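> Sending over a structure as structure tokens; questions will come in a sec.
What follows draws every value from the coordinates through simple rules; no lab data is involved. These numbers were taken from a predicted model, which means no experiment stands behind them. FYI the Cβ positions are ideal-geometry reconstructions off the backbone, even for glycines, and counts take in every protein chain you see.
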Amino acid sequence: MTTIKPEELDRIRGKQPGVPMIDVRTPVEHAGLHVPGVHLVPLERLSAAAVESLPGVRKSEPVYLLCQSGGRARQAAAKLEAEGFTACQVVEGGTAAWASAGLPVNRGASQVMSLERQVRIAAGFLVLSGVLLSVLVNPAFVWLSGFVGAGLIFAGATDWCGMGLLIARMPWNQSQTSTCCSK
């Protein structure tokens with residue numbers, strides 16, 4: 001897996017329209033903001049078969065992966081490389097860096113809350129609940145806060161977040177639209 005700066009990928013797209021770009025965020029995140037021409041294949045549904053079914057994708061040629069900031073795209077690249085893809089490239093800084101660079105994006109009608117922000121809210125709620133329950137109900141509830149803290153340390157060390165994957169599957173992060181977007 002290698003990385004590529006958004007500006008460099010935009011130059012490549014100018015010379016080779018239709019290069020395969022895959023957004024691995026949730027459908028709701030994608031609907032709020034995405035790079036024109038990117039295909040949506042959420043990380044939890046990502047497989048070699050799903051990617052190979054997209055136009056212009058070959059296991060031996062570059063496939064450009066985006067998420068919000070880069071973490072999920074790195075996970076996607078590792079998964080695809082394990083399934084035989086040899087030229088996965090993660091867009092540095094993801095969709096956020098693409099938009100910050102002033103490159104073209106499609107914006108949805110409403111702003112959506114990023115998955116990372118949802119995880120912070122859920123983790124904070126669980127830690128606070130554990131503390132309050134341990135004081136008001138039973139001291140053993142402090143283990144809930146400890147478990148969440150350990151999970152956050154694990155997520156930071158490994159760049160794999162089980163809570164994030166779970167929240168990504170929640171109904172409010174899903175959409176009834178197609179999983180492929182070429183706008």
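> Just checking my list (i) 99, 18, 11; (ii) 23, 20, 17; (iii) 34, 17, 14 against semi-axes √(5λ) of the Cα gyration tensor in Å computed from this structure; which label fits?
(iii)
> Right, another one. Would you order T95, T3 from fewest to most other beta-carbon atoms within 10 Å of each residue's own beta-carbon?
On the way: T95 27, T3 16.
Ordered by Cβ neighbours within 10 Å, fewest first: T3, T95.
> Further question on the same structure: Run the numbers for L152 and R169: contour at 0.36 nm per residue of separation, minus the present Cα-Cα distance, in nm.
Details: separation 17, 0.36 × 17 = 6.12 nm, distance 1.89 nm.
Between L152 and R169, full extension yields an extra 4.2 nm.
> Sticking with this one: What 222 nm value per residue comes from the helices of the chain, counting each DSSP H run with n ≥ 4 as -39,500 (n - 2.57) and dividing by all residues, nearest 500 deg cm²/dmol?
Numbers: 8 runs with 86 residues, N = 183.
Here the helix-only value at 222 nm equals -14000 deg cm²/dmol.
> Another one. For a quick check: sort E52, E92, E29 by the number of other beta carbons within 10 angstrom, fewest at the front. Mind dumping the intermediate values first?
On the way: E52 15, E92 18, E29 27.
Taking fewest neighbouring Cβ atoms as first place, the list is E52, E92, E29.
> Another question, if that's okay. Please compute the modelled spin-label separation between I12 and D159, points set 7 Å along Cα→Cβ, answer in nm with one decimal.
Inter-label distance under the simple model: 1.7 nm.
> In degrees between 0 and 90, to the nearest 10, how far off the longest principal axis of the chain does helix 6-15 point, with axes built from Cα atoms?
The angle comes out at about 30 degrees.
> Then there's this: Just the number, please: percent antiparallel of the DSSP beta bridges in the chain, rounded to the nearest 5.
Numbers: 2 of 13 bridges.
Taking every DSSP beta bridge with both residues in the chain, the antiparallel ones total about 15 percent.
> Related question: First measure r as the distance between the Cβ atoms of K5 and S60, then evaluate 1/(1 + (r/R0)^6) with R0 = 22 Å and state the FRET efficiency to the nearest 0.05.
Details: r = 23 Å, r/R0 = 1.04.
Once the sixth-power term is evaluated, E becomes 0.45.
> Relative to the longest principal axis of the C-alpha atoms of the chain, give the angle of the C-alpha long axis of helix 142-158, reported between 0 and 90° and rounded to the nearest 10°.
20 degrees
> Suppose the chain between N106 and W143 were pulled fully straight at 0.36 nm per residue; how much longer would it get relative to their current alpha carbon spacing?
Details: separation 37, 0.36 × 37 = 13.32 nm, distance 4.37 nm.
Gain in length upon complete extension: 9.0 nm.
> Taking neighbour counts of Cβ atoms within 10 Å as a proxy for exposure, in what order, fewest first, do S129, S134, S60 appear? Working shown, then result.
Values: S129 14, S134 17, S60 8.
In order of increasing Cβ crowding within 10 Å: S60, S129, S134.
> Give me the extension gain from A49 to R120: residue separation times 0.36 nm, minus the current Cα-Cα distance, reported in nm with one decimal.
Details: separation 71, 0.36 × 71 = 25.56 nm, distance 3.25 nm.
Gain on stretching A49 to R120: 22.3 nm.
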